[in-house]
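Quick notes on the structure that follows.
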Amino acid sequence: MKAVLGTISLDHANEELGGIILPKAPERKEWSERYSEWFHRVISEVPIYDTRYPVKGTGIWTPFGYKLRRAVIETIRDMLEETGHEEVLFPLLIPDYMLGKEGEHVKDFEDEVYWVTRGGKDPLDVKLALRPTSETAIYPMFQLWINAYSDLPLKIFQIVNVFRYETKATKPMIRVREVSTFKEAHTAHASKEDAESQVEKGVEIYSRIFEGMKIPFVKSVRPEWDKFPGAEYTVAFDTILPDKKVLQVGTVHFLGQGFAKAFDIKYMKSDGGYEHVWQTCYGISERAIAALISLHGDDSGLVLPSAFAPVQASIIPIVYKGKEEEVTKKCKEADCLLKSKGIRSVVDDRKDITPGNKYFTWELRGAPIRIEIGPRDLENSTAVLVRRDTLEKTTIQMEELVEGVHKMFKEIDLALMERADLWFKSKLTNAEDVEGIKSNLDKVGGIVEAPWCGARGCGEEMEGKLDGRILGTPYKEAHDVGGKRCANCGREASTIIRIGRSY
Ligand code: 5CA
Ligand code: ZN
């Protein structure tokens, strides 16, 4: 398979079809040079997400956006259920005394919490927080639910909205104040080993989710000073957006016994004594959907992996005078056939719109395949399939339509992964010293890896010098720093450090 870096350019501009000039093949100029504008344009033109609601940091999933969101949620839900997690639903409101139980947690979230203090005109006797995340809502119930060894492990998740009064610039889907699509999993275990192995499983589950979405990532153990408040350590998934900035798309936390002690969650051991449980939690949000939208797109709009595309195949009748009815009928038959095989197809039989304009619509909306059927196809019993990612055309026999569509989905999905991977790898560089890191961050962006001594003071110093964020060290990945010196202080290196300019 041919992989393409940066710009995809095939020249279809001269191809004519019944007097219609096909739209120019996809480029990635706006996508890479003015990503932020590109993103806003795509989400509002498709439309996916409407940002005009008059509360800062909130947005509306449009019908099309909602379908995309639902496909992502379904994948996540299936993956969690397959791996023994059960779905629950907790209240949005958390009493202040519960939110305050775990010291570090509340200290870090304090400035981000929205409070409900009145019911009608009456002041509430207990202030209620809108959940910024649900540890402090869920764990008091764990305390009631967990008594015996046989109650463990306990693995639950919920998909809810959470509220964070983000003070950095908000950005649709990426940094919102109402996170509308927050999947949080929470687990409790009898031993430290068991909980740590759940962290590994959480990381594995997320890896599979991102692989399914064709989102390349690295997994890093966040530095001590940037871990989740209340956690012993945090493993984060970082990807790189078209503007070469780093986006954290998911996190898995090892909570140790901190919350268990704060909320007194204990189980009885075989000797009759009690032990606090060991816990993990992991979260993912609509940020992952923003990454899905961003990573595969081009200047014509969305390009979506087949599993997530709300419309997988658009069928466009190429009509000539006198043949309208026959062609449209054939399109509808093809549509029925595809639908009966579980393919999400539509016939675009809008009147008074040129096929060219219909192509624009479905390219913008990221339908992986466009199917064109015209009078000549009626005679030959064929259809023309056009790949969204390359605009390559293939003529196939009508009786091979379903097979051909499935085959093309596979090819597109593979190509999307390969293209995204290549692009990601081109933004993942190495450096040996602070100068080199800085130069890579300035020139390439993305993520820079460098040898590091592992000392907190040294890391913080480096962060100051670099105008970048220390993303952490590789999680369970072989890396050889034998004989290397720390990029910042020159002492013997013990590990690799990752740095990027992040959202
Ligand atoms: N309770 C834990 C695990 S569920 C937790 O809240 N972790 S978190 O703070 O790291 O959030 C989980 C994920 O949600 C993050 O990795 C990030 O991808 C996403 N996220 C966090 N804040 C926002 C926000 N303001 N807007 C969009 N997504 C967000
Ligand atoms: Zn050092």
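The values are calculated or read from the model by the stated rules, or taken from the named source; none is laboratory data. Here the structure is a predicted model, which means the values were calculated and not measured. As a convention, Cβ positions derive from the backbone with ideal geometry for all residues, glycine included, and neighbour counts pool all protein chains shown. SASA here: full protein model, heavy atoms, side chains in, ligands and nucleic acids out. Shrake-Rupley method; radii C 1.70, N 1.55, O 1.52, S 1.80 Å.
Residue 476 label point, 7 Å along Cα→Cβ, cut-off 11 Å on backbone N: hits in the stretch 83-116? Within reach of a label on residue 476, which here means backbone N under 11 Å from a point 7 Å along Cα→Cβ, the stretch 83-116 contributes nothing.
Per-residue 3J(HN,Hα) values for the stretch 245-254, derived from phi via the Karplus relation 6.51 cos²θ - 1.76 cosθ + 1.60 with θ = phi - 60°, read 8, 8, 10, 7, 9, x, 9, 10, 10, 8 Hz in sequence order (x marks Gly and Pro). Cross-link partners for residue 266 among the lysines, with Cα-Cα distance under 20 Å and sequence neighbours closer than 8 places in the same chain left out: 101, 155, 192.
Kirkwood-based Rg over Rh for the chain (C-alpha set), two decimals? Reported Rg/Rh, Kirkwood definition of Rh: 1.03.
Per residue, the convex hull around the alpha carbon atoms of the stretch 308-410 comes to 91 Å³. Rolling a 1.4 Å probe over the protein heavy atoms of the chain, with every protein chain left in place, gives an accessible area that is 50 percent carbon and sulfur.
Excluding ligands, DNA and RNA, the accessible surface per residue across the chain is 44 Å² with a 1.4 Å probe. The gain in end-to-end length when the residue 41 to residue 112 segment is fully stretched comes to 22.7 nm, 0.36 nm per residue minus the alpha carbon separation.
Number of Lys-Lys pairs in the stretch 308-410 with C-alpha atoms under 16 Å apart and a separation of 8 or more places or on different chains: 14. Phi angles across the stretch 255-270 convert, under the Karplus curve 6.51 cos²θ - 1.76 cosθ + 1.60 with θ = phi - 60°, into 3J(HN,Hα) values of 8, x, 10, x, 5, 4, 6, 4, 9, 6, 8, 10, 10, 8, 8, 5 Hz, Gly and Pro given as x.
Charges were assigned to the Cβ only: +1 to each Lys and Arg, -1 to each Asp and Glu. The resulting dipole of the chain about its Cα centre is roughly 840 debye. Couplings for the stretch 483-489, taken from phi via the Karplus curve 6.51 cos²θ - 1.76 cosθ + 1.60 with θ = phi - 60°, read x, 7, 10, 4, 4, 9, 9 Hz in order; Gly and Pro are left as x. Note on the stretch 361-503: Cα convex hull, mean projected area over all directions, 12.1 nm².
The dipole here belongs to the stretch 428-500: it is taken about the Cα centre, uses +1 on the Cβ of Lys and Arg and -1 on the Cβ of Asp and Glu, and is about 100 debye. Divide the volume of the convex hull around the Cα atoms of the stretch 31-296 by the residue count and you get 135 Å³ per residue.
Note on residue 171: lysines with a C-alpha under 18 Å away, same-chain residues under 8 apart excluded, are 56, 244, 245.
The label point for residue 421 and the one for residue 442, both projected 7 Å from the Cα toward the Cβ, are 3.4 nm apart.
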